[in-house]
Structure formats: structure tokens, C-alpha cells
Amino acid sequence: MFRKVLVANRGEIALRVIRACQELGVKTVAVYSEADARAPHVREADEAVLVGPPPSSQSYLVGERLIDVALRTGAQAIHPGYGFLSERAWFARAVREAGLVFIGPPAEAIDAMGSKTAARQLAIAAGVPVVPGTTESVRDAEEAIAIAETFGFPVLLKAAAGGGGKGMRIVRAASELADALASAKREAQNAFGDDAVYSEKYIEGPRHVENLVLADAHGNVVHLGERECSVQRRHQKMIEEAPSVAVSPELRARMGATAVAAARAAGYVNAGTCEFLLDRDGQYYFLEMNTRIQVEHPVTELVMGLDLVQWQIRVAAGEALPFAQKDFVPRGWAIECRITSEDPSNGFLPSTGRIEYLHLPTGPGVRWDGGIESGSDIGLHYDPMLAKLIVHAPTRDLAIARMRRALRELTIDGIETSRSFHLRVMDHPDFQRGDISIQWLEQHLPELTAPAVDRESIRLAAIAAALVAHEARRAGSGTATTSSTSDLPVSSRDDRGPTWRDVARRESLRSS
Ligand code: MV4
């Protein structure tokens, strides 16, 4: 096992990796930018080294500097977390060439999966089902139309260097293709420095289901079942769960075997995830492979009962996986809500400021993977995800009830967060039935993001109601006509019901 590991990340995932190392008896080196001098990951690591100013392009993304810090501090391996340098093949290669271990897949596997057209070719060769479409980029609109007509409209144009939705265009008719291709190419060039675009049949209303694989350097590859990740907005996942209501044990085994075949074809080692679209007929299609530990790994950990980050480190240190595939049967249900510094009632606008007060939920089946504390300053330099709230319970219904309870216990004062949005989703009948697809969230945004109740509005509404009652008595009408006080919410933690700010405004107008 390694004696010391450098953690090339910040926030909750840096803390997550540090915790895994501590339990394995491995020393840790944190790196931090000037904005993160007082961040929890800096304090919790055994050592911490300043690597640059706040912009990540001058700190967390300067690979050579991170490698230099690892060499100077005597670290033997680097864990990249997610984001930042985690899927840059050049970084994985540079780490290896410096005589260090990259805690992730080989650079060649990152490369093989990095080009989406190359990944499709590899998948097809391995017998993995992919969406009908091209395995090369399209030359021009004429060729793209000819191809589209072989599998029919609508088609989806995608950036070959992409992933995560950038450079994608839905095209519903041949007449729209030339313009869509030009704009997809422009966006791909700007985002990835590569304007190659390929074409697939567009699958309407599918679920986004992904299967995690774990591979060691001795040829053992297992899959750890699926996660349902359909609740997303603008390609940012908000809520994930494991298992998926749409996946039977039989389908789980088939999708898992498919993910294992894709991983083997790529020469994969370490933890990775195959993304699939699952359509309403139960057909699934490989989309791409994420060659990193993902944000949502805890839901798999909870239903499968293992520490994935520890296994990433063990496998990177050369240990063989001691598991058999039959060891992995999901137990109970896990749900994760991403707590972000975004204001749901204001178009998910990023919110900044100091966390004045933080109260964390605890109790049975609750896990908090966070990177914040009371006093943390939230700025705009980094991703708005502050923490993940994860619950585990025997059934899906009980997991939803547990998540509601935990969200109500959570208090974050000082900034706006996604907490109220998550409560609305937990309360939504579609979510409770598991009747969701990748379009669900964006189709239900108004009801999921209407302004929440706050204490001051309740106070105003109560004063206004008292005034109206007083005026009514003075006018001698006998009975006041305002709604009964039992309709008033009793706590600002209850985010359901009417918008009391509006009630207060209306009542104060009526009484003036
Ligand atoms: C698709 C698709 C439907 N049909 N491909 C989105 C990001 C990248 N990982 C692949 N993605 C998709 N590829 C075909 N052929 C649907 C998605 C998709 C999506 C599309 C529009 C809006 C939200 C989405 C969320 C997840 C996946």
C-alpha cells in the first residue's frame, strides 16, 4: 500500500479521498488555491501545499505543478477526484512518467474513451449495443442528410470530442440539418478545439442509467449494478438513485455484462462508469464511458456495501479484487441529492456569500459528503456543488421519506441552495412513482422552483390578516373573511403550499 497520496482536488471529493486514505493508514497531501486557504480539505490532510491563485487554470489545473508537489512531499500516487485533471490522458501519462501512480485508469483507456466516435467503434467491436448512427464524423450536410435518412429523423448531432451535452443539436427534418451542423461544429470547436461532429438517431424520452465497473490489474472485472440519473437539468445531474425502478435483476445482469465487455475492450483498470440510454421498451444503448470516480458513487456504495474510493486506491496499489460477481446484489435503496449554491426560484442562479450557520442532518441511514462548514465563503471560482446528501433505507418509499426528513433537518443560512427544490421533487407524485425520464425535470421546472416560504413573509401575512379582521370588525360586518390561521404554515422548513409572500401582499393591499 502507498505511504502517502497527493489529492489533486478540492471540496467534498478531496475530503472524501482524504477520509478513505485515513482509514487505509495512508498519509495525505492536499493542494489548495489562495481562495481555499481555510477550506476543510486543507485542514484535514496531513500536509497542504499552496499551488496558485483562485482561478483553477492557475492552480488545480496546473498538472506539472501538482506532480512537482507530489515528488517534493514524497507522495507515491495522485488521486485526481472528478472534474479538473481526472480525465486528461496527458496528465495520467505525465504522472506515470514522473514515476508516480495515477489513481485511475491507464492513460490509454482514457484516450480510448475520450473520443466518442472511437468509443463507439470500440463498443461495436465488443458487441456492445449503441444507438444507430455513424462511427466517423460527418463530412458535410449532404452526407449527414443521406445518413439520417437511413435511420430516420429526428437525429442528434454530437461533438466527437464532447460528452456532457456540449455541441449537441437535435435535428427534426432534413431542411434543418445544414444550420444545425454548422452551429454544432462551431460550438464543438469553441469547447474542445475540435469541430468533428457525428450523427445518431435521437432517442425520445429515455432514462439515463449508468453501470459502474471495477477492474484490477490482474484481469478481474466486476460490475456493481446501475444508478438512475434521469433527474437532470442542462446536463447537470441533480438527484441520483440506486438501483433503478426500470431495471429488473435480469436487465441488471445484461447491462452489467455489457459494461464489463466495454471495460475489457478498453483495457480498463480502476473504477469507471458506462452511461446508457434506456428506452421505454427496455432497450438500452451505450453512450459513453466516464473514466473517473463520479459524484454519485455513494449511492452504489450504500446498496453494494463497499468503499469505492478505498478500492480505487487498493487497485492502483496493485491489489487484486477479492470479489465474485454474485457478491453484488443491491440491498435496499439509496438516493442522493446534490446540494448546490444555486437559487432554484431564480433560474438556478449561482448564489455567493458566507455560510453563516450550518446544521447537518443525522440519524439512521443518513450520509453527508460535504466540503463546507459554518464560516465557509462561497464564491464563483469553482463548481456550485457544496455537498451531497445521501440516504439509504430498505425500500424506495422509505428512502424518499428519509430524504424528506433529512432535507428538513438541514439548515444552510447565508446563501441560497437547492434544498427546497429537492423537497419539491421528493413530494412530487411522478418522482414517487419513479415515472421520470431525462426530460422530466425541465418539463416540471415551474412547479419545482416557485419561490419558497420564509419566516418574514409568514409574519407579514399574519399582520395583514389581523389588520383585515380588525377593519372588518370596525366596519361592523361581524365576521372577518380572511382564511383561517390554520392554513398558515407553521414552519419555514415546510416548502409546500401557497406563496405566502403573495398572500401577504394581497392582504395588506385589501386592508389599506
Ligand atoms: C442522446 C440522447 C438521446 N438520443 N443520444 C446527453 C449527454 C451525453 N452524455 C449524451 N446525452 C444524450 N444522448 C441519443 N442518440 C439523450 C441524451 C441526454 C439528454 C438529451 C437532452 C436533454 C437532456 C439529456 C440528458 C441525458 C442524456
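Descriptive notes on the structure:
- Options G193, G225; residue that is away from the ligand (no atom under 16 Å from the Cβ) and at pLDDT below 95: G193
- Condition met for A89 (at pLDDT 95 or above, more than 27 Å from E319 (Cα to Cα) and not assigned by TED's automatic domain parsing to the domain that holds R314): no
- M289 vs. criteria touching a Cys at 6+ places or on another chain (Cβ under 9 Å), under 21 Å from A109 (Cα atoms) and within 13 Å of the ligand (Cβ to nearest atom): yes
- Looking across region 289-334, the residues that are outside any loop (DSSP other than H, G, I, E, B), out of contact with any helix residue (DSSP H, G or I) (no Cβ under 7 Å at 6 or more places or on another chain) and not aliphatic (A, V, I, L, M) come down to N290, P298, W311, Q312, R314, Q325, K326, D327.
- Candidates I170, I147 - the one that is part of a strand (DSSP E or B), outside the structural domain of L277 (by TED's automatic domain parsing) and not acidic (D, E): I170
- In summary, P384 fulfils each of the numbered conditions (1) in contact with a Pro (Cβ under 8 Å, 6 or more places away or on another chain); (2) without any contact (Cβ under 8 Å) to a residue 24 or more places away in the chain with the single exception of condition (2).
- Annotation: I436 fulfils all but one of (1) in a loop (DSSP other than H, G, I, E, B); (2) surrounded by fewer than 19 Cβ atoms within 10 Å (Cβ to Cβ); (3) in contact with a strand residue (DSSP E or B) (Cβ under 7 Å, 6 or more places away or on another chain); the unmet one is (2).
- Picking from residues in region 130-144 that are surrounded by fewer than 16 Cβ atoms within 10 Å (Cβ to Cβ) and assigned to a loop (DSSP other than H, G, I, E, B), the one that is nearest to the ligand (Cβ to nearest atom) is P132.
- Scan of region 145-162 for residues that are crowded, with 21+ Cβ neighbours inside 10 Å, of a type in the set (A, V, I, L, M) and either under 22 Å from S86 (Cβ atoms) or within 30 Å of the chain's Cα centre (by Cα) (or both), ordered by number: V155, L157, A159, A160, A161
- Screening the candidates L251, L212 for the property of being more than 13 Å from the ligand (Cβ to nearest atom), among the hydrophobic types (A, V, I, L, M, F, W, C) and crowded, with 23+ Cβ neighbours inside 10 Å yields one hit, L212.
- Considering (1) away from the ligand (no atom under 16 Å from the Cβ); (2) more than 22 Å from the chain's Cα centre (by Cα); (3) crowded, with 20+ Cβ neighbours inside 10 Å, the lone condition that E200 does not fulfil carries the number (1).
- Filter result for D454 (at pLDDT 95 or above and of a type in the set (D, E, K, R)): no
- Within region 218-248, considering residues that are over 25 Å from Q121 (Cβ atoms) and of a type in the set (G, A, S), the one surrounded by the fewest Cβ atoms within 10 Å (Cβ to Cβ): S248
- When we screen A174, A188 for residues that are surrounded by fewer than 22 Cβ atoms within 10 Å (Cβ to Cβ) and either within 12 Å of the ligand (Cβ to nearest atom) or among the small types (G, A, S) (or both), the only hit is A174.
- Scanning region 217-253 for residues that are acidic (D, E) and within 30 Å of E108 (Cα to Cα) yields E226, E228, E240.
The values are calculated or read from the model by the stated rules, or taken from the named source; none is laboratory data. Because the structure is a prediction, the values reported are computed rather than measured. Every residue, glycine among them, receives a Cβ derived from its backbone with ideal geometry; neighbour counts consider all protein chains shown.
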